[in-house]
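The values are calculated or read from the model by the stated rules, or taken from the named source; none is laboratory data. In this text, all values refer to a predicted model and were calculated from it rather than measured experimentally. Every residue, glycine among them, receives a Cβ derived from its backbone with ideal geometry; neighbour counts consider all protein chains shown.
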Amino acid sequence: MSSKVFRACLVAAVVAVAGCTNVATLRSPSGENVEVPRAIAGSLELVAQGDASYAAADPAGAAPGPGEGGVIKPHVVRLTRDLSVYRLWAGPSVKDAQGRTSRIGQWWTFDAPAGTLASFRQRYEVCEKWDTLRFVAQCTLRRGSVVVIGPGQSVSAKTCGNPTESYPANDRDLQVYIHEAWNRPDLSCPDESRDYEDDPRDISRPAAR
């Protein structure tokens with residue numbers, strides 16, 4: 001093996017090991033396991049299917065199937081401490097026929113928004129027709145909350161209603177499904193005036209005025 005090839009292999013190995021340090025595996029007595037960010041691994045515990053709260057989390061609703069979005073495989077978890085959750089939404093001026101905004105929906109992330117708006121849409125498989133994703137809300141999911149998590153499932157062009165728009169499954173970024181979030185007292189959100197309109201070039205910060 002040449003020194004150049006050896007160095008390349010060594011770099012690849014170091015990167016692989018470094019990547020592994022960012023995740024941890026949750027395991028249940030039944031043998032189920034799921035990889036989660038190491039930073040929150042100590043804040044979650046897997047809920048067994050026989051637990052009374054398992055079905056109420058609606059794991060089936062979180063995983064409609066390939067091409068339909070949601071998660072690839074739903075894992076029901078219980079929070080052992082309060083955690084921040086984030087949601088991108090259309091903003092206060094965009095309302096449905098019932099006068100409701102998209103601020104409190106069922107899909108969230110544990111990771112604070114980062115990168116471009118386009119990359120966020122790709123990572124979390126969000127069709128353009130579903131939401132413009134121009135505002136960022138940060139809420140708190142309380143200790144004891146039971147929710148569904150999992151990596152994102154693919155979304156087809158048919159589902160997006162656009163022949164040029166589709167998204168592959170993403171097994172790297174965790175999604176959080178809070179069933180009927182608008183009826184959940186364990187989800188605590190500040191007044192929407194605390195939300196910010198994101199900069200599409202960097203959604204971690206407010207858009208320039």
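A few notes on this one:
- Evaluated against (1) surrounded by fewer than 19 Cβ atoms within 10 Å (Cβ to Cβ); (2) touching a Lys or Arg at 6+ places or on another chain (Cβ under 9 Å), Arg87 falls short on exactly one condition, (1).
- Checking each residue in region 156-178 for being in contact with a Ser or Thr (Cβ under 9 Å, 6 or more places away or on another chain), of a type in the set (Val, Ile, Thr) and over 21 Å from Phe110 (Cα atoms) picks out only Thr159.
- Considering region 5-101, the qualifying helices (runs of 4 or more DSSP H), each wholly inside and each with 1 or more residues that are out of contact with any helix residue (DSSP H, G or I) (no Cβ under 8 Å at 6 or more places or on another chain), at pLDDT below 95 and farther than 30 Å from Pro206 by Cα, run over 52-56.
- As a summary of the residue check, Lys129 satisfies the conditions (1) within 23 Å of Glu197 (Cβ to Cβ); (2) among the charged types (D, E, K, R); (3) out of contact with any helix residue (DSSP H, G or I) (no Cβ under 8 Å at 6 or more places or on another chain) except for the one numbered (3).
- Whichever residue in region 22-70 is under 28 Å from Arg121 (Cβ atoms) and touching a Phe, Trp or Tyr at 6+ places or on another chain (Cβ under 6 Å) and, among such residues, is surrounded by the most Cβ atoms within 10 Å (Cβ to Cβ): Ala62
- For Asp96, the conditions (1) in contact (Cβ under 8 Å) with a residue 60 or more places away in the chain; (2) over 17 Å from Asn170 (Cβ atoms) all hold with the exception of (1).
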